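Report on the following structure.
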Amino acid sequence: MSASADQGFSALILAGSRGGVDPVAAYAGVSHKALIELDCQTLLARVAQALREAGATRIAVSVSDDAVRDAATALGLTVLTAASGPSRSVRDGIEALGTPLLVTTADHALLRPEWITRFLADAPAHADVAALLARQDVIEAAAPGTRRTYLRFADGAWSGCNLFHFATPDRSPHSICGRRSRRIASGPGGSSAGSGSARWSGTCPVA
């Protein structure tokens, strides 16, 4: 079963750390990227606001930094302790919040509510897992000169949008490598279109 913005949905924000000093956070003078401020809001607060405006009724944050934990608590978010890697943190989020579950990241600074609602609306009802991708030409038209990592498919180059939907509890990140999934392509303007079936690309983020 897919989540619906109209019915409300649960969401998980990944705000853990892989260890070491993050250069972006260090440049901003904070302990974690989630605490960087943009227009007088932390990135964590911006992501939480976008999720709430899209219809999220329960939001959890996976954290490993005490300052992020305090910020999440102040925002009224459920706090989960981050696991050793992002995929295990998602697994723990599914165990805590159940499915369907929307997953995004705390540094998704420009996340818009309409992207979330369109993604949830377009996720195929039969798909256990959906991942949002954007075409290279759409990204470069919206943000010329931006540097992104692209995945090469038969129909072009695509980049991840850090939005994932887990519809069923038996499709955690540990179990989806090599399975076939349907890609949903979306641009910054929010338009989207389903593309053909494609094998899950890249390596699973298993720590």
Selected residue (only one of ILE116, ILE13, ILE36, ILE59 is among the aliphatic types (A, V, I, L, M) and open to solvent by 20 Å² or more (accessible area, probe 1.4 Å)): ILE36
Matching residues, the range 26-45, being modelled with pLDDT of 95 or more and small (Gly, Ala, Ser): ALA34, ALA45
Qualifying residue in the range 126-141 (condition: within 23 Å of THR99 (Cα to Cα), open to solvent by 30 Å² or more (accessible area, probe 1.4 Å), modelled with pLDDT under 90 and assigned to a loop (DSSP other than H, G, I, E, B)): yes
Residue match in the range 55-75 (condition: within 13 Å of ALA109 (Cα to Cα) and not basic (Lys, Arg)): no
TRP115 being under 22 Å from LYS33 (Cβ atoms) and of a type in the set (Phe, Trp, Tyr): yes
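Would you check if there is a residue in the range 166-176 being at pLDDT 90 or above, closer than 18 Å to THR117 by Cα and surrounded by fewer than 17 Cβ atoms within 10 Å (Cβ to Cβ)?
no
Quick grid of which residues meet (1) modelled with pLDDT of 95 or more; (2) in a helix (DSSP H, G or I); (3) closer than 26 Å to ALA167 by Cα:
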position: SER2; (1), (2), (3): no, no, yes
position: VAL24; (1), (2), (3): no, yes, no
position: VAL47; (1), (2), (3): yes, yes, yes
position: ALA60; (1), (2), (3): yes, no, yes
position: THR73; (1), (2), (3): yes, yes, no
position: GLY76; (1), (2), (3): yes, no, yes
Inter-residue pairs, beta-carbon under 6 Å, first under 12 Å from GLY55 (Cα atoms) and in the range 109-123, second at pLDDT 95 or above and among the charged types (D, E, K, R), 6+ apart: PRO113/GLU53
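The values are calculated or read from the model by the stated rules, or taken from the named source; none is laboratory data. Note that the structure is predicted; figures quoted are calculated from it, not measured. Cβ atoms come from the backbone with ideal geometry, glycine included; neighbour counts cover every protein chain shown. Only protein heavy atoms, including side chains, enter the accessible area calculation; ligands, DNA and RNA are left aside. Shrake-Rupley method; radii C 1.70, N 1.55, O 1.52, S 1.80 Å.
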